[in-house]
Structures are given as structure tokens and as C-alpha cells.
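Right, one structure below, let's go through it.
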Amino acid sequence: MPELFPPLLTVSELTRHIRSNLEQQFPSVWVEGEISNLRCPSSGHQYLTLKDQASQIRAVLFRSQAQRLKFALQDGLEVLVLGRLTVYEPRGDYQLLLEAVEPKGIGELQLAFMQLKAKLESEGLFQESRKQPLPAFPERIGVVTSPIGAALHDLLTIMHRRWPLAQILLAPVAVQGEAAAGQITAAIQMFNQLSPQSGKVEVLIVGRGGGSLEDLWAFNEEKVVRAIAASQIPIISAVGHETDVTLADLAADCRAPTPSAAAELVVPDGTRVKEQVRHHRIRLERSFKSLVAALTVRVQQSHQRLPEPRLIIGHFVQRVDDLERQLYQKVKQWCRNIQLLLLQHQSAIWEANPLLTIHREQDRLVELNRQLVQGMKNSVILRRHQAQLPISQMHQLSPLGVLGRGYSILKDLRNGKVLKKATDTMVGAEVQGVLSEGEIVCRVEKILPQK
Amino acid sequence: MAAIKFEKALSRLETIVTELEAGELSLDESLRIFEEGVKLSKSCLKMLDDAERKVEILVQDKDGRKRIQAFSLEDSNSTES
């Protein structure tokens, strides 16, 4: 029914018309575009603008839908969105209410994986320096996996075969599905809370058998990866087959490509360890034997260097003989000395005999008497002789006596000096010669000095 | 037997072998550690030979208390792959 005049409407009425038209026309639509102006306020709703080269449209992702997204929205991301068109009446803006968002050209999970990997990497969760060493000979091993999988069977079989000493503590968890990540995280935390008394394990294996990216997804979830990185107990990740690398693998202290490989990593090979023990045993025996042999040689050498016992005794016998002989000699010498001493004493006693003294004194008296008489005689003779001696000496000393024997004295006639040397006079001088009887005067003809 | 930890026993055995090979000990001391070494090597081998498979299961009750109980692989069905 056409109307002549355009209807007069309030703003609200018009807006309501537009909204119902739009909502009826676009109840559900896929739109392709690039995210921009993304805002994520604390309400949990996310607001964004979808644009292509020519146009743009506002869009809202409510919290309940946002939580279901595996990956994070970000500006510049090319996406395919499913939504319905609506109008936000207070502002008259039309916008898309998003039901689902998928990254364009790449899987949703792949994108989520890449985003979380980049985030956790930037936090340093995958750094080598965080890795803890695995124990060499673990006695208690914790396993976080499904109780009903081939993975557990393989793990237990191989661990037991290689290293039967290890005790296994299993935390059964779902490894896929909604509950998996929560259970795996809780199990890792539970193991870390165990005290040594209540069965603390030294190493943990967290894993499952292989599967699709979806099946393995729990091992890419942020809380699982963080729980692994935070674990005080060293963790070996064992997820899937060789080609699947999960974020859990990157955060773990050691990555095993499969559960079987984890079993081989976590425990030593008992056969080789036994071999090692036997080898130690052989070395032990060998070195002990060689020690004994060396000591035996030393004992033998020392034994050979011991002198003959007969020689030792012979030596002593000889010394005893020697000493005996010396003793004999000494005793003999001593006896001889005593003998001598006795003789000396005997003669001393004899010497001390008073009769001998008396005889000797008598002899002396006789001798003295004789000497007295003789002395007297001698004295008389001596006096007589002494009385005659000065007379003859006087005769001998008188120069006249000398003249009597033919000597003469020459004197200088002038001064009466006695001539003692030829030179006391001169040729032609007159000298007076005094003779025994009379004097003569002579003239010196020639002087002959002494030759 | 679990009282002697395997790793400790093995490392002690290695020490003994090294010491004995160095040959700087007295005969008495050598004899003593030789005997200790032989005992250790025997018990190490015995530990490995006699070990029994022990698997337990760690579960958490509704009230959050943790329990450890025996677990037998045969009890579970291992057909899922």
C-alpha cells in the first residue's frame, strides 16, 4: 500500500526497522577479511574491525565464543568469520556478531600452535639453560599417560626389560579430549607435591601414542606446557611418533620421539650395566692378584737377602771365642800385676828393716870418722903448701926473675919508656937494655916490623 | 636389598676398582676393599636379577587426597592404540 507522504518515524523506530531488516537478510554469513583495531577489554568480549582494500565493518566476538578459540586474534590476521549482522541501536552502528573465526590459509590449531610457541619462547620456557639433567639410575619413575593405551604397555615392558629395579608410579589421565589438558597438568603438579616419604619419583615421563594434531592437542595447551616447564622433577616428553613435535616436547627436559624411546632414555640398559659390573669385578680381581703377586715378589726378595743362620751363629761363636781369649789374657795380666805388686811390697818391707838402717848408720859413722881423720891430714898438708906458695909466686912475678932466665928489657933512653913494639923506637935512636946483671946502651940500626 | 641403592653401590664399586688399581693401599686395606668390591658386584648383579616388576598407580580422591595403589597392567585393557 503506497503512501503519499513519507512516513514520519522516530530515530528508534527507524533503527529498529533497519535492524530487523538486516537481521532477517543476513542471519548467518561467512565473511573474509583482515582484522584491525582489535580491542580486548576486561569483560572478555573482543571488538574488532574487519576490512578489505575498499571497506570495513565492525565485529564483536562475545566472551563465550572467544574462549572457544584455540588461537588468539590479532591485528593484521586474515580470517574467515561466521556471524550474523546486527545493529547496535544506541549508536546506530551495524556490526557482525561473530560465531566462529578461522584463520585463512592455515589451520586453526596450527596458528594457535605457532602463536603459543612464539609467546612461550619469548618467556624463555624452552631455553636449554632450564633443562634439568636426568638421573642415571632412577629408582622411582612417574608416568603420566592413559592407563589404557599401547603407549603405557610399551613403556612398562621396555623399562622392565631394561631396568627391572625401577618402580613405576602411574598417574592415569585422559590424553585427548576436553579434560585431557587439565588432568595432565594436575598429574604433573601432583607428582611435584609428593614427598620422599610418600613416594616421590626422580623422573617423570609425560606422553601418549601418536595421533593427529587434534589428538595431540592437549600437549600443546598452555597450562600443560607451563606445568612441564615448572616441574622440579625432570620430565621426559614422549608424545606421538617421531614427526610430531609438541610444545610439551619443547618445554620438557628431554624429548623422546615415542613412548618406547622414552623408556630407553629413562633407564639404563641392565644388560650393559651388568656387563659393566662384571668388568669391574674382573678388574678388581686382576688388580688384587697383581698386588698379591707384587707383594710375594717383595717377600721373596727380602727372604733371599736374609743371611744364612749358620753364618750369624758362627759370627757370634767367633766373637765369644775372641772375648774368652781376651778375658784369659786379661786375667793373666792381672795376676802378673798382682805378683809384681807383691814383690814390690816385699822388697819395700825388706827395705824398711831397722837392722839394715842400724848397719847403714854404723857404716856411715865409720866412714865419717875416717873422713874426719883424712880431712884433718889433708888440711895440715894444704896449709903447709899454702904457706910455701906465695914465696915461689913472688919469685915468679919479679921481672928480675925473668931476666934471670935470659930475657931483657929495652927502654927508650930519652924518656925511659919500656919498648913493647918495634915501632916504639926509630932508626938511630939509642935504647937502654936492662939485663939480669948490668945494662947496655944500643943504637937501633934497622926496624923490622912484625910480619 | 632395596636399602643399598644401586647407583650408590655401583659408584662405590667403581671407586674401589680405581683405588685397588692405583695400588697404593696396604695389603690389609686392599683385602678389605677387595672383599667389599666383590660383595658389591655380587649384590649389584643380584639386585638386577631379582628385581620384580613393581607398578603403582597414583590417584587423587575427590577430597584432593593422593593415594598410591598397586597397578597391574594385565588388569587394564591394552588394545586401544
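The values are calculated or read from the model by the stated rules, or taken from the named source; none is laboratory data. Note that the coordinates shown come from a computational prediction; the quantities given were computed from them, not determined experimentally. Neighbour counts run over all protein chains shown; Cβ positions are idealised from the backbone, glycine included.
Can you pull out every residue in region A:220-276 that is hydroxyl-bearing (S, T, Y) and under 27 Å from A:A112 (Cα atoms)? Break it down into steps so the answer makes sense when it comes.
Taking region A:220-276 and keeping what is hydroxyl-bearing (S, T, Y), we get A:231, A:237, A:243, A:246, A:258, A:260, A:271.
Within region A:220-276, A:S231, A:S237, A:T243, A:T246, A:T258 qualify.
Please tell me if A:V266 is away from every other protein chain (no Cβ under 11 Å), closer than 30 Å to A:P138 by Cα and surrounded by 11 or more Cβ atoms within 10 Å (Cβ to Cβ).
Values: away from every other protein chain (no Cβ under 11 Å): yes; closer than 30 Å to A:P138 by Cα: yes; surrounded by 11 or more Cβ atoms within 10 Å (Cβ to Cβ): yes.
Criteria met by A:V266.
If you scan region A:187-199, which residues turn out to be surrounded by 17 or more Cβ atoms within 10 Å (Cβ to Cβ) and free of Cβ contacts under 8 Å to residues at least 40 places away in the same chain?
A:M190, A:L194
With the structure loaded, tell me whether A:E214 is buried (at least 20 other Cβ atoms within 10 Å of the Cβ) and more than 40 Å from the chain's Cα centre (by Cα) or whether it fails that test.
Working: buried (at least 20 other Cβ atoms within 10 Å of the Cβ): no; more than 40 Å from the chain's Cα centre (by Cα): yes.
The answer is no for A:E214.
When you check A:E202 against the structure, is it under 41 Å from the mean Cα position of the chain (by Cα) and either aromatic (F, W, Y) or surrounded by fewer than 20 Cβ atoms within 10 Å (Cβ to Cβ) (or both), yes or no? Even if it seems obvious, please write down each step before you answer.
Working: under 41 Å from the mean Cα position of the chain (by Cα): yes; either aromatic (F, W, Y) or surrounded by fewer than 20 Cβ atoms within 10 Å (Cβ to Cβ) (or both): yes.
Judged against the criteria, A:E202 is a match.
Scanning for something aliphatic (A, V, I, L, M), within 30 Å of A:L213 (Cα to Cα), out of contact with any strand residue (DSSP E or B) (no Cβ under 9 Å at 6 or more places or on another chain) and assigned by TED's automatic domain parsing to the domain that holds A:L250, does region A:69-84 turn up at least one residue?
The initial filter retains those residues of region A:69-84 that are aliphatic (A, V, I, L, M), namely A:69, A:72-73, A:77, A:79-82.
After this cut, where a residue has to be within 30 Å of A:L213 (Cα to Cα) as well, the list is A:69, A:72-73, A:77, A:79-82.
Next cut, out of contact with any strand residue (DSSP E or B) (no Cβ under 9 Å at 6 or more places or on another chain) only: A:72.
Still in the list and also assigned by TED's automatic domain parsing to the domain that holds A:L250: none.
No, the conditions are met nowhere in region A:69-84.
Which one is nearest to A:E128 (Cα to Cα) among residues in region A:238-276 that are of a type in the set (D, E) and in contact with a strand residue (DSSP E or B) (Cβ under 6 Å, 6 or more places away or on another chain)?
Step one: list which residues in region A:238-276 are of a type in the set (D, E), which gives A:242, A:244, A:249, A:253, A:264, A:269, A:275.
Still in the running and in contact with a strand residue (DSSP E or B) (Cβ under 6 Å, 6 or more places away or on another chain): A:249, A:253.
Values: A:D249: 12, A:D253: 8 Å.
Selected residue: A:D253.
Out of A:E123, A:E128, which single residue is within 38 Å of the chain's Cα centre (by Cα), modelled with pLDDT of 90 or more and not assigned by TED's automatic domain parsing to the domain that holds A:V239?
Details: A:E123 fails: within 38 Å of the chain's Cα centre (by Cα).
Answer to the selection: A:E128.
Got a sec? Which of A:T246, A:T258 is more than 13 Å from chain B (Cβ to nearest Cβ) and of a type outside the set (A, V, I, L, M)? Full working, then the answer.
Working: A:T258 fails: more than 13 Å from chain B (Cβ to nearest Cβ).
Matching residue, one of A:T246, A:T258: A:T246.
Looking at the structure I just gave you, is A:I349 of a type outside the set (S, T, N, Q), under 30 Å from A:L435 (Cα atoms), exposed (fewer than 10 other Cβ atoms within 10 Å of the Cβ) and outside the structural domain of A:V434 (by TED's automatic domain parsing)?
On the way: of a type outside the set (S, T, N, Q): yes; under 30 Å from A:L435 (Cα atoms): no; exposed (fewer than 10 other Cβ atoms within 10 Å of the Cβ): yes; outside the structural domain of A:V434 (by TED's automatic domain parsing): yes.
Judged against the criteria, A:I349 is not a match.
So is A:G149 within 14 Å of chain B (Cβ to nearest Cβ), buried (at least 20 other Cβ atoms within 10 Å of the Cβ) and modelled with pLDDT under 90 or not?
Numbers: within 14 Å of chain B (Cβ to nearest Cβ): yes; buried (at least 20 other Cβ atoms within 10 Å of the Cβ): yes; modelled with pLDDT under 90: yes.
Against the criterion (within 14 Å of chain B (Cβ to nearest Cβ), buried (at least 20 other Cβ atoms within 10 Å of the Cβ) and modelled with pLDDT under 90), A:G149 qualifies.
Determine the pairs where a residue that is in the same structural domain as A:Y88 (by TED's automatic domain parsing) and in contact (Cβ under 8 Å) with a residue 24 or more places away in the chain, located within region A:4-20, has a partner that is surrounded by 11 or more Cβ atoms within 10 Å (Cβ to Cβ) and not small (G, A, S) with Cβ atoms under 7 Å apart, the partner being 6 or more residues away or on another chain.
A:T15/A:V87; A:T15/A:E89; A:I18/A:V87; A:R19/A:T86; A:R19/A:V87; A:R19/A:E89
Listed here are the residues, each with its yes/no results for (1) away from chain B (no Cβ under 14 Å); (2) basic (K, R).
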site: A:K223; (1), (2): yes, yes
site: A:A251; (1), (2): yes, no
site: A:A262; (1), (2): yes, no
site: A:E275; (1), (2): no, no
site: A:L291; (1), (2): no, no
site: A:L295; (1), (2): no, no
site: A:Q301; (1), (2): yes, no
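Of all the residues that make up region A:51-88, how many are loosely packed, with under 13 Cβ neighbours inside 10 Å and of a type in the set (D, E, K, R)?
Total meeting the criteria: 4.
This table checks each residue for (1) in the same structural domain as A:I158 (by TED's automatic domain parsing); (2) free of Cβ contacts under 8 Å to residues at least 60 places away in the same chain.
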| residue | (1), (2) |
| --- | --- |
| A:G207 | yes, no |
| A:I228 | yes, yes |
| A:P257 | yes, yes |
| A:E264 | yes, no |
| A:V277 | no, yes |
| A:K289 | no, yes |
| A:V292 | no, yes |
| A:V297 | no, yes |
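Yes or no, residue by residue, for (1) modelled with pLDDT of 90 or more; (2) closer than 30 Å to A:V173 by Cα; (3) part of a helix (DSSP H, G or I):
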| residue | (1), (2), (3) |
| --- | --- |
| B:A2 | no, yes, no |
| B:L13 | yes, no, yes |
| B:L25 | no, no, no |
| B:E35 | yes, no, yes |
| B:C44 | no, no, yes |
| B:E52 | no, yes, no |
| B:D63 | no, yes, no |
| B:R67 | no, yes, no |
| B:T79 | no, yes, no |
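Which ones in region A:69-113 are farther than 17 Å from A:Y47 by Cβ and without any contact (Cβ under 8 Å) to a residue 12 or more places away in the chain?
A:I106
Report, by residue number, each residue of region A:167-205 that is more than 8 Å from chain B (Cβ to nearest Cβ) and aliphatic (A, V, I, L, M).
First pass over region A:167-205, keeping only residues more than 8 Å from chain B (Cβ to nearest Cβ): A:173-185, A:188-189, A:192, A:195-197, A:200-205.
Passing the criteria: A:V173, A:A174, A:V175, A:A179, A:A180, A:A181, A:I184, A:I188, A:V201, A:V203, A:L204, A:I205.
Can you find, within region B:38-47, the residue that is farthest from the chain's Cα centre (by Cα) among those that are without any contact (Cβ under 8 Å) to a residue 24 or more places away in the chain and facing another protein chain (nearest Cβ under 7 Å)?
So in region B:38-47, the residues without any contact (Cβ under 8 Å) to a residue 24 or more places away in the chain come out as B:38-39, B:42, B:45.
Imposing the further condition that a residue be facing another protein chain (nearest Cβ under 7 Å) reduces the set to B:38, B:45.
Values: B:V38: 16, B:L45: 9 Å.
Looking at the filtered set, the residue picked out is B:V38.
List the number of the failed condition for A:R91; all other conditions in (1) assigned to a loop (DSSP other than H, G, I, E, B); (2) surrounded by 12 or more Cβ atoms within 10 Å (Cβ to Cβ) hold.
(2)
Take the residues of region A:399-436 that are hydroxyl-bearing (S, T, Y) and in a loop (DSSP other than H, G, I, E, B): which is farthest from A:P449 (Cα to Cα)?
So the first thing to find is which residues in region A:399-436 are hydroxyl-bearing (S, T, Y), and the list is A:407-408, A:423, A:425, A:436.
From the residues that got through so far, the ones that are in a loop (DSSP other than H, G, I, E, B) too are A:407-408, A:425, A:436.
Working: A:Y407: 20, A:S408: 19, A:T425: 11, A:S436: 26 Å.
Checked region A:399-436; the qualifying residue farthest from A:P449 (Cα to Cα) is A:S436.
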